[in-house]
Amino acid sequence: MKAKKTKVIICSLVLALSFLYSKQASAQTYVKGNLPLAAVLIPNFAIETGIGGKWSVQASATASLWESVNGGPQKFFFLIAEARYHLDTIDHGFFAGLNIGGANFKMQKYNYWNTDKYQVGYAYLGGASLGYNFKINEKWGLELFVGGGFIGSFYRGYYLSTGEQYDQDQVQDMNRQFDRSGDWLPYEGGLMLTYKL
């Protein structure tokens with residue numbers, strides 16, 4: 001129940017940030033799709049709108065619905081809200097951003113690949129991004145970007161072979177409901193095809 005409340009709060013924040021200033025006459029709004037992730041059937045879409053001067057806000061969502069990759073599930077859903085500063089304009093040149101977000105997942109974390117274990121839980125994240133926008137014409141463009149930072153995860157661990165929880169005793173010994181971890185990792189990146197509304 002707590003994870004559902006967290007998702008509702010994060011979704012509300014992302015939507016509020018994305019559309020807070022979209023009614024301004026000077027606002028430029030772009031919809032985007034990540035081409036490399038689409039090629040591996042992981043949809044990643046975003047909407048970015050100018051909020052004045054060289055600043056913009058963006059909301060993005062990424063989902064993987066893979067039931068099995070190398071024997072283990074790789075299902076996740078990320079929502080990220082980001083404030084960006086553009087050195088030139090929103091549709092051309094370098095930018096830097098600060099972001100926050102949340103995720104839920106059922107997957108083998110990177111340090112459990114090639115094991116009989118997977119994790120189910122949720123995470124919060126915060127970090128930064130860098131990128132460059134290429135203007136193709138008045139409506140279309142490309143955005144090359146990468147981002148990462150801290151990911152704090154709360155999860156339960158299970159065996160792939162039996163479905164039984166492997167970390168139950170450890171979690172109960174620490175008087176908590178979830179196992180926890182914190183990692184500094186890249187969590188977004190790619191090449192977005194952008195379209196100006």
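Only the coordinates and a few stated rules stand behind these numbers; no lab work does. What you see is a predicted model, and the numbers here were worked out from it, not measured in a lab. Counting neighbours? That spans all protein chains shown, and the Cβs are built from the backbone with ideal geometry, glycine included.
Residue-level analysis places PHE145 outside the set of residues that are under 26 Å from SER68 (Cβ atoms) and in a strand (DSSP E or B). SER161 meets each of the listed conditions (1) more than 30 Å from VAL57 (Cβ to Cβ); (2) part of a strand (DSSP E or B) apart from (2).
One line per residue, one yes/no per condition, for (1) more than 25 Å from LYS54 (Cα to Cα); (2) in contact with a helix residue (DSSP H, G or I) (Cβ under 9 Å, 6 or more places away or on another chain); (3) among the aliphatic types (A, V, I, L, M); (4) buried (at least 20 other Cβ atoms within 10 Å of the Cβ):
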| position | (1), (2), (3), (4) |
| --- | --- |
| VAL120 | yes, no, yes, no |
| LEU130 | no, no, yes, no |
| GLU143 | no, no, no, yes |
| GLY149 | no, no, no, no |
| PHE154 | yes, yes, no, no |
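Selection of region 82-98 for residues being buried (at least 17 other Cβ atoms within 10 Å of the Cβ) and within 14 Å of the chain's Cα centre (by Cα) yields GLU82, GLY97. Looking at region 183-190, is at least one residue surrounded by 14 or more Cβ atoms within 10 Å (Cβ to Cβ), in contact (Cβ under 8 Å) with a residue 60 or more places away in the chain, in contact with a His (Cβ under 6 Å, 6 or more places away or on another chain) and not charged (D, E, K, R)? Checked region 183-190: no residue is surrounded by 14 or more Cβ atoms within 10 Å (Cβ to Cβ), in contact (Cβ under 8 Å) with a residue 60 or more places away in the chain, in contact with a His (Cβ under 6 Å, 6 or more places away or on another chain) and not charged (D, E, K, R).
Looking across region 104-149, the residues that are aliphatic (A, V, I, L, M), under 14 Å from TYR187 (Cα atoms) and without any contact (Cβ under 8 Å) to a residue 40 or more places away in the chain come down to ALA123, ALA128, LEU130. Within region 97-110, can one find any residue that is touching a strand residue (DSSP E or B) at 6+ places or on another chain (Cβ under 7 Å) and outside any strand (DSSP E or B)? Looking for residues that are touching a strand residue (DSSP E or B) at 6+ places or on another chain (Cβ under 7 Å) and outside any strand (DSSP E or B), one finds at least one in region 97-110, hence yes. Of the residues LEU65, LEU79, which is within 21 Å of PRO43 (Cα to Cα), within 19 Å of the chain's Cα centre (by Cα) and surrounded by fewer than 16 Cβ atoms within 10 Å (Cβ to Cβ)? Just one listed residue meets the conditions, LEU65. Looking at region 54-91, which of the residues that are of a type outside the set (A, V, I, L, M, F, W, C) and outside any strand (DSSP E or B) is farthest from LYS196 (Cα to Cα)? Within region 54-91, the match that is farthest from LYS196 (Cα to Cα) is GLY71.
Considering only region 42-53, state which residues are part of a strand (DSSP E or B), out of contact with any helix residue (DSSP H, G or I) (no Cβ under 6 Å at 6 or more places or on another chain) and surrounded by fewer than 21 Cβ atoms within 10 Å (Cβ to Cβ). If the condition is that a residue be part of a strand (DSSP E or B), out of contact with any helix residue (DSSP H, G or I) (no Cβ under 6 Å at 6 or more places or on another chain) and surrounded by fewer than 21 Cβ atoms within 10 Å (Cβ to Cβ), then PHE45, ILE51, GLY52 are the ones that fit.
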